[in-house]
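Chemist: Handing you a structure now.
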Amino acid sequence: MYSLHICRLLCAFHSNSSTHANLPRNMIENSMFEEEPDVVDLAKDSTAFPTFPALDPDEVAYEPRSSRLLVRGLGENDMDEDEEDCESSARLLGMSFMNRSSAHRSSSSPYTRQAPPRSCSRPSARTMVVCVLFLVIVASMTMVLKTTFTLITIHPISYDLTLNPNLDDMTFTGQTVINMTVLHNTKRIVLHGANLNITKATFKLGDGEVKDVTVLEYKPRQQLAVKFSEELKAGQYCVLTLDYSATLSHTYDGFYNSSYTDKDGNRRVLAATQFEPLYARKAFPCFDEPSFKATFLIKISRKQDYMTLSNMPKAKSTLLPNGLVQDEFERTSVKMSTYLVAFIVSNFTPISKNVSNTLVSVYSVPEKKEHTDYALDTASKLLEFYNSFFEIEYPLKKLDLVAIPDFLAGAMENWGLITFRETTLLVGKESSPLEKQVVASVIAHELAHQWFGNLVTMSWWNDLWLNEGFATYMQYMSLQTVLPQLDTGNLFLSVRFRAMDKDALNSSHSVSTEVNTPEQVEEMFDSVSYEKGASILLMLNTSLPGDQQFRKGIIEYLKEFSGANTDTDDLWNSLTKVSTHHQNVSEMMNSWTSQKGFPLVTVSRNGDEVNLTQEHFLLTSENATHASSLWNIPVTYVNDSCSLAPECRQVFNLKTKSGTLKVPKSVKWLKLNYRNTGFYIVHYGNEGWAALIDALSKNVSVLTHEDRASLIHNIFALSRFGRVSFQQVLNVLEYMPSETESAPVTEALLQLNRIYRLLDKRQESGLVARMRSYILMHFGSLMKSQTWGEEKSVSKQELRSSLLGMACSMKEENCTQQAKSLFKQYVDSNETFRIPGDLQHVVFSVAAQSDKDWTTLHSMYERVAYDAEKRKILQALASTEDTRRLVWVLKAGLEGDIIQTQDLPLIISTVCNGFAGYLFAWDFIQENWDRLIEKFPVGSFAIQTIIKSATSQFSTQAHLNQVQAFFSSLKERGSQMRSVQEALETIRLNQRWMDENLPTLRKRL
Ligand SMILES: [Zn+2]
């Protein structure tokens, strides 16, 4: 899945997938369960969540529901209580994988905290009890951790799905035939199903007769079960057939309905799917966990003027007696996890092209067909690249890329049928390279998933990073080769900085981390899994000898585990296997995946000796340190005699608390973390910083632009950490007037803007004015020298959109005048005059400040068809300081008629940037919380974005109390979210930073 967070200075564009994690609503009445009162009672008791405050995630017991219920509900087992729970947990639905990985980690990694000694009543995603204790015993008995696989009693082999959607009344009926094999004797089959009304169920064992069976349901865990009086025996085959009816989801997950208004003003409806992570079960009964791979044969009926798509090519179409057409797709030629199944019923049109043995097509609504060329061309190039890079051909005969009009995630990698937002797939002829960069990045990410994720899949969501970190890394790596003109290097650099900002908080988590509840699964889709995952892969790749070793290891991994499931260690083992220098990759990388956070490396020099020490860069308001955390850091460094070319780079492996390296006495300065390819922050001490500042003041080109940006990022981080004064930050920024490169300028502006906004929200108007003049003094001449015409270079576009965005948002006269005049030309020319794509956001946002132009933009919003432009207009509408209008925008975003609800997180983050709206937005969120979590599931990236936007600019005790009171009142409606802890930590840190630095700001700015 792709979560778009392209944080260019003033444009926070956030999105991610899917909706609704909470428990099912309209469910089957099941007499079996009603007869067992203790089941129901237990369910109620166990929904008690611990209440706030719970700030330190290390101390938080995520303990949602006990899940003994199902086992009891299914009854008649002779085992004693604990044994019963443990046994079932391991048997049913593969929660064993989680246990396998935690058992595995605690036995192999020195970095992991010990698993709790007794966790039989630990919660599990939407399934079974987790019993670490039991599995540790199993593991130690067998000494082969993989034996826990054998505890699964039933495994699906194939599914035959028949779906009959009715787009008139938004319902569907379905039949699911599951062929299964019995792995261990058992008396029950447990699978997932949510909001499905089972109308008929039959079962056939081996060659026996087809018999009717009763399906039990346990709603809180979204589970269905069939129990038998006689044991099913290992080795037997069986077939379960379930007929059911359901309504098409009105949120963004499961089999959901979407609609758009066509060019004639008619509302057109369609139905599409979004199953990752836990929503296939809303469309059909299934074993809905990534390790239960099977093949799928899918049939869908439709009206004659519609078309359907699924993972595989269409095999045939049959006219049904009721006048509908049933399309049947080929059985999948590969085994797939359920979250990768997809189907669409719509009136879309394609353009296509053959690439080696694959037919690549891009689908859109008919009127946007002319916007699909770029995607087809880019996807084709990338497919060729990946085919040869991975040395494994893409295994399917076709690959469809489909733009869905209302879609919450950035994109979703369903095998053979990748779904996108319109913004992330469609590009107008006149689109700017920056817009193309977005589209190409998302396509590159989703295509990489066809190998990383689809072909080889993480066993459980705790290792989501194996999917997402990899796809994110590959997206940048492939584009640097395939489309170097898109210059994605700066983008990758800035996402690494942002990943560090988040990972520095105590509320962060390790890359590979235990997840049990649906909310926790949702929360894994965050910058740690994506961007930190990608960052540590970059660090690994650049620290391995030879440029092909990383690739060789990846190929080895993909080949060895093709079609299977893996955990993090499998990847490291493959990379270790191909190591030419007998380098133990697991040993190094475990320190980066099994503990949260990252190190601060402090340099102190004495003549030719350079002493390096490491500590956890943990931002806490209490200044606590985690003395025990150690990382295996491939520290890179350059010095004044050779600092630019890759050959200048030297490496020192810092595995212990401190280490010493030698440099010639003549070396004037050292810059560590060459081009910021490592995931750590460096403090050079007063002398080290002074030497670097001195060097930069003489010649900015002594360091690469990535290194300059990294100095800027690090000094701000150190100030937040409390290690340097803000004066030190200002000292580093002294060289800025001679800086002209995008990466350092953008980073400096982003950091200064953060402080500017904090001061603004505290109504420190004197300091705001001084900060404004400080920024204009240091960046003013560069701002003035920016052009407003068409610009081809991506990095120049990045540079000017951040400079002009900042200038205009501070109401710098020259900037706002230019923007106004461009908008006037645009309106006067009847919108034929073109505003360069990278400046539209700036121009529209200035226009939105005037009464008349806001109205003009409002009518443009309803008229403009091109999604990327529409979003920029929307951001402008939300940047107004007219509170009446802000309220309208927020409400319209929630209603979803004029503004699609998929854009609400963007609206909220834009409104929160401005002074006029940030308190409104906070009130809005509190008032509408229940509607928000109905649209966006608790823990989802959308909710994470909303919470962060609304709270990250608070810096007072009063706001801290408010935020704390609100979220703790939510209980199971969100109080346990990691993003809530993150919000509270951030407010405390803001508060501390202000207390410590306001005097300096008053004196020095
Ligand atoms: Zn992804």
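All of the numbers you see were taken from the coordinates with simple rules; none came from a lab. Just so you know, these numbers come straight off a predicted model, no measurement behind them. A quick note on method: Cβ atoms are made from the backbone with ideal geometry, for glycine too, and the neighbour counts reach across all protein chains shown.
Chemist: Going by how many other Cβ atoms sit within 10 Å of their own, how do Y918, Y218 line up, fewest first?
Modeler: Numbers: Y918 22, Y218 25.
Going from least to most buried by this count: Y918, Y218.
Chemist: Taking 25 Å as R0, compute the FRET efficiency from the Cβ-Cβ separation of N606 and E734 and round it to 0.05.
Modeler: On the way: r = 27 Å, r/R0 = 1.08.
Efficiency at R0 = 25 Å is approximately 0.40.
Chemist: Please list the radius of gyration and Dmax for region 247-357, considering alpha-carbon atoms only, with Å as the unit.
Modeler: 15.1, 46
Chemist: Would you pull out the residues with amide H under 5 Å of M336's amide H, same chain only if 5 or more places away, H placed 1.01 Å from N?
Modeler: A294, T295
Chemist: Obtain the nm distance between the two label points defined at A690 and E934 by a simple spin-label model: each point lies 7 Å from its Cα along the Cα-to-C-beta direction.
Modeler: Each label point is offset 7 Å from its Cα along the Cβ direction, giving 6.4 nm.
Chemist: Assign unit charges at the C-beta atoms only (+1 for Lys and Arg, -1 for Asp and Glu), then state the dipole size of region 142-267 relative to its Cα centre in Debye, rounded to the nearest 20. All intermediate terms of the calculation are to be shown ahead of the outcome.
Modeler: Numbers: 12 positive and 13 negative charges, 116 e Å.
For this selection, approximately 560 debye.
Chemist: Can you work out ³J(HN,Hα) from phi for every residue in region 728-738, in order, using Karplus 6.51 cos²θ - 1.76 cosθ + 1.60 and θ = phi - 60°, giving whole Hz and x for Gly and Pro?
Modeler: 4, 4, 4, 4, 5, 6, 4, 7, 3, x, 9
Chemist: Would you mind calculating the gained length between Q650 and S562 on full extension (0.36 nm times residue separation, minus the Cα-Cα distance), in nm to one decimal?
Modeler: Working: separation 88, 0.36 × 88 = 31.68 nm, distance 3.64 nm.
The Q650-S562 span can extend by a further 28.0 nm.
Chemist: Could you work out the local net charge near T636, counting Lys and Arg as +1, Asp and Glu as -1, over the other residues with Cβ closer than 10 Å to its Cβ?
Modeler: Values: positive: R649, K671, R675; negative: none.
The answer is +3.
Chemist: Can you flag which of K369/K502; K263/K532; K532/K665; K811/K1003; K761/K971 are past 31 Å Cα-Cα? Each step should come with its number before you reach the end.
Modeler: Numbers: K369/K502 39 Å; K263/K532 42 Å; K532/K665 36 Å; K811/K1003 24 Å; K761/K971 29 Å.
The pairs that break the limit, which is 31 Å between Cα atoms, are K369/K502; K263/K532; K532/K665.
Chemist: Oh, and also: All other residues with a Cβ under 14 Å from the Cβ of V355 taken together, and with Lys, Arg as +1 and Asp, Glu as -1, what is their net charge? It would help to have the intermediate numbers written out before the result.
Modeler: On the way: positive: K353, K381, K397, K398; negative: D377, E384, E393, D400.
Taking every other residue near V355 into account, the sum is 0.
Chemist: Using amide H atoms built 1.01 Å from N in the peptide plane, name the residues 5+ places from L183, or on other chains, whose amide H lies under 5 Å from its own.
Modeler: For L183, the qualifying residues are I154, H155, G235.
Chemist: For S765 and K792, what does the FRET efficiency come to when R0 = 35 Å and r is the distance between their Cβ atoms, rounded to the nearest 0.05?
Modeler: Numbers: r = 41 Å, r/R0 = 1.16.
About 0.30, to the nearest 0.05.
Chemist: Pull out the extension gain between N322 and D262, defined as 0.36 nm times the separation in residues minus the alpha carbon to alpha carbon distance; nm, one decimal. Before the final figure, lay out each step's value.
Modeler: Numbers: separation 60, 0.36 × 60 = 21.60 nm, distance 2.78 nm.
Difference between extended and current length: 18.8 nm.
Chemist: May I ask you to sort E468, E790, E741 by Cβ crowding, counting other Cβ atoms within 10 Å and putting the fewest first?
Modeler: E790, E741, E468
Chemist: Skipping prolines and chain starts, which residues have an amide H placed within reach, meaning under 5 Å, of the one on H683, given they are 5 or more residues away or on another chain?
Modeler: Correct list: V601, T602, V603.
Chemist: Give me a comma-separated list of calculated 3J(HN,Hα) values for region 171-188, in order, Karplus coefficients 6.51, -1.76, 1.60 applied at θ = phi - 60°, integers in Hz, x for any Gly or Pro.
Modeler: 10, 8, 10, x, 10, 10, 10, 10, 8, 10, 10, 8, 9, 9, 3, 7, 10, 8
Chemist: Give the calculated FRET efficiency between S229 and I157 to the nearest 0.05, with a Förster radius of 25 Å applied to their Cβ-Cβ distance. Mind dumping the intermediate values first?
Modeler: Working: r = 24 Å, r/R0 = 0.97.
After rounding, the FRET efficiency stands at 0.55.
Chemist: Okay, next question. Quick one: 3J(HN,Hα) in Hz for region 529-542, Karplus 6.51/-1.76/1.60 with θ = phi - 60°, rounded, Gly and Pro as x.
Modeler: My calculation for region 529-542 gives 5, 7, 7, 5, x, 5, 5, 6, 5, 4, 4, 5, 4, 6 Hz in order.
Chemist: According to a simple spin-label model (label point 7 Å from Cα along Cα-to-Cβ), what is the distance in nm between Q304 and D640?
Modeler: Taking the two extended label points, one gets 8.3 nm.
Chemist: Evaluate region 857-974: find the radius of gyration of its Cα atoms, find its Kirkwood radius, and give the ratio Rg to Rh. It would help to have the intermediate numbers written out before the result.
Modeler: Details: Rg = 14.3 Å, Rh = 14.6 Å.
For region 857-974, the value is 0.98.
Chemist: Give me the number: length gained by fully extending D923 to T349, i.e. 0.36 nm times residue separation minus the C-alpha to C-alpha distance, one decimal in nm.
Modeler: In short, 202.4 nm is gained.
Chemist: Now for a separate question. If each residue's Cβ is checked for other Cβ atoms within 10 Å, how do I712, I443 rank with the fewest at the top? Could you put the intermediate results ahead of the total?
Modeler: On the way: I712 27, I443 30.
Going from sparsest to densest Cβ surroundings: I712, I443.
Chemist: 7 Å from Cα along Cα→Cβ at both D207 and N830: what's the point-to-point distance in nm?
Modeler: Each label point is offset 7 Å from its Cα along the Cβ direction, giving 7.8 nm.
Chemist: Please go through the residue pairs K303/K368; K852/K935; K398/K559; K233/K559; K204/K299; K824/K870 and name each one whose alpha carbons sit more than 24 Å apart in this structure.
Modeler: Details: K303/K368 22 Å; K852/K935 33 Å; K398/K559 21 Å; K233/K559 33 Å; K204/K299 22 Å; K824/K870 18 Å.
Those over the limit are K852/K935; K233/K559.
Chemist: On to the next question. Take every DSSP beta bridge with both residues inside region 346-412 and express the antiparallel ones as a percent of the total, to the nearest 5.
Modeler: Working: 7 of 12 bridges.
Percentage antiparallel, nearest 5: 60.
Chemist: Quick check on packing: order 568-580, 225-237, 940-952 by the mean number of other C-beta atoms within 10 Å, highest mean leading. Can you show the working numbers first?
Modeler: Values: 568-580: 19.8, 225-237: 14.5, 940-952: 26.0.
With the highest mean Cβ count within 10 Å placed first, the list reads 940-952, 568-580, 225-237.
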